[in-house]
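Presented below is the structure to which this report refers.
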Amino acid sequence: MPSLSIFFPFYNDAGTVETMISDAYKYGYELTKDLEVIAINDGSQDHTLLELKRMQDKFPDLILINHEQNRGYGGALQSGIKATTKEWVFYTDGDAQYHLDELHLLWQHISEYEFINGYKIRRSDGFVRTYVGLAYRKLTKIIFGIPIKDVDCDFRLMRGDLLRSIDFEFTSGAITVELVKKMSFLTDKIKEIPVHHYDRVYGKSSFFNFNKITETLKDEVKLIRTLKKIEKKDYEPRCTKSVETKPNALR
């Protein structure tokens with residue numbers, strides 16, 4: 001049975017740590033017996049780290065990565081990706097706005113696809129954030145040619161060797177566009193699955209503020225310049241299940 005890495009970035013998410021970690025083991029072991037769970041504390045200022053250590057007492061094999069200083073969403077994702085070792089990698093945010101009881105919806109497609117991404121059936125956020133998010137998704141799809149409809153749905157299951165072969169450049173929220181676009185250079189076996197998006201039950205979003213949005217937009221301008229230097233043929237032969245060798249890292 002294929003192996004699975006599950007990781008979560010946490011930033012001031014103390015109230016959802018227990019749910020996310022417990023669900024990772026519960027639903028992860030329903031899919032495979034070869035499971036690793038990784039938690040990244042990205043410089044949280046609440047008691048997230050204490051909660052993660054408490055969960056490590058409950059689940060001794062929980063891998064805990066602690067950033068003493070906040071490295072940004074992209075920095076947390078990079079740490080999580082580098083720590084994974086399994087054949088498949090799944091991540092979602094630590095704020096519990098996505099529920100792991102829907103992970104099996106993605107997992108059932110691993111025999112046919114290499115990159116399986118959720119998309120929100122309905123965004124459970126306020127009016128302003130919902131429509132800003134809609135505009136952002138449409139804009140990034142037009143500018144970057146993103147092959148999925150919901151680039152900011154961080155409910156993703158990917159082949160680990162492909163994901164770990166990518167050299168990521170950004171530590172801001174722009175990493176989601178970078179990840180999706182560069183994964184599309186490595187495989188065209190991409191599938192989208194509708195998933196639910198729930199109200200935040202603890203804390204508030206650390207991304208939806210002027211400074212974070214500005215940083216992300218600046219990085220996406222840099223990403224446009226980077227991608228102009230990249231041609232899809234630079235990463236051929238394409239990575240498929242029939243290819244046994246590990247793909248070259250993106251340059």
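The values are calculated or read from the model by the stated rules, or taken from the named source; none is laboratory data. Being a predicted model, the structure only gives us computed values, none of them experimental. Quick reminder, even Gly has a Cβ in these numbers, built from the backbone with ideal geometry, and neighbours come from all protein chains shown.
Restricting attention to the range 79-91, the residues being outside any strand (DSSP E or B) and touching a Ser or Thr at 6+ places or on another chain (Cβ under 7 Å) number 4. Looking across the range 30-43, the residues that are under 12 Å from PHE8 (Cβ atoms) and not hydrophobic (A, V, I, L, M, F, W, C) come down to ASN41, ASP42.
Filter the range 44-71 down to the residues that are under 22 Å from SER165 (Cβ atoms) and of a type outside the set (A, V, I, L, M, F, W, C) and list them by number. Within the range 44-71, ARG71 is the sole residue that qualifies. The requirement of being modelled with pLDDT of 95 or more and out of contact with any strand residue (DSSP E or B) (no Cβ under 8 Å at 6 or more places or on another chain) is not satisfied by ASP167.
How about the range 1-39: which of its residues are part of a loop (DSSP other than H, G, I, E, B) and in contact with a Pro (Cβ under 9 Å, 6 or more places away or on another chain)? Quick ask: steps written out before the conclusion?
Step one: filter the range 1-39 for residues part of a loop (DSSP other than H, G, I, E, B), giving 1-3, 11-13, 32-34.
Correct list: THR32, ASP34.
Look at the range 76-92: where a residue is of a type in the set (Lys, Arg) and a partner is assigned to a helix (DSSP H, G or I), sitting 6+ places away or on another chain with Cβ atoms under 7 Å, you get LYS86/GLY160. Residues in the range 113-149 that are modelled with pLDDT of 75 or more and in a loop (DSSP other than H, G, I, E, B): TYR113, GLU114, ILE121, ARG122, GLY145, ILE146, PRO147, ILE148, LYS149. The condition of being buried (at least 19 other Cβ atoms within 10 Å of the Cβ) and either within 26 Å of THR171 (Cα to Cα) or modelled with pLDDT of 95 or more (or both) holds for only one of GLN69, GLN45, GLN56, GLN78, that being GLN78.
Contact map, the range 154-176: residues that are under 21 Å from ASP188 (Cβ atoms) and part of a strand (DSSP E or B) paired with residues that are at pLDDT 95 or above and of a type in the set (A, V, I, L, M, F, W, C), Cβ distance under 6 Å, separation 6+ or inter-chain. Pairs shown: PHE155/VAL195; LEU157/PHE90; LEU157/LEU106; LEU157/ILE116; MET158/VAL89; MET158/PHE115.
On the given criteria, is ILE40 closer than 24 Å to GLU178 by Cβ, surrounded by 19 or more Cβ atoms within 10 Å (Cβ to Cβ) and free of Cβ contacts under 8 Å to residues at least 60 places away in the same chain? So ILE40 passes the test. Of ASP61, ASP46, all but one fail to be in a loop (DSSP other than H, G, I, E, B) and either touching a helix residue (DSSP H, G or I) at 6+ places or on another chain (Cβ under 7 Å) or aromatic (Phe, Trp, Tyr) (or both); the exception is ASP46.
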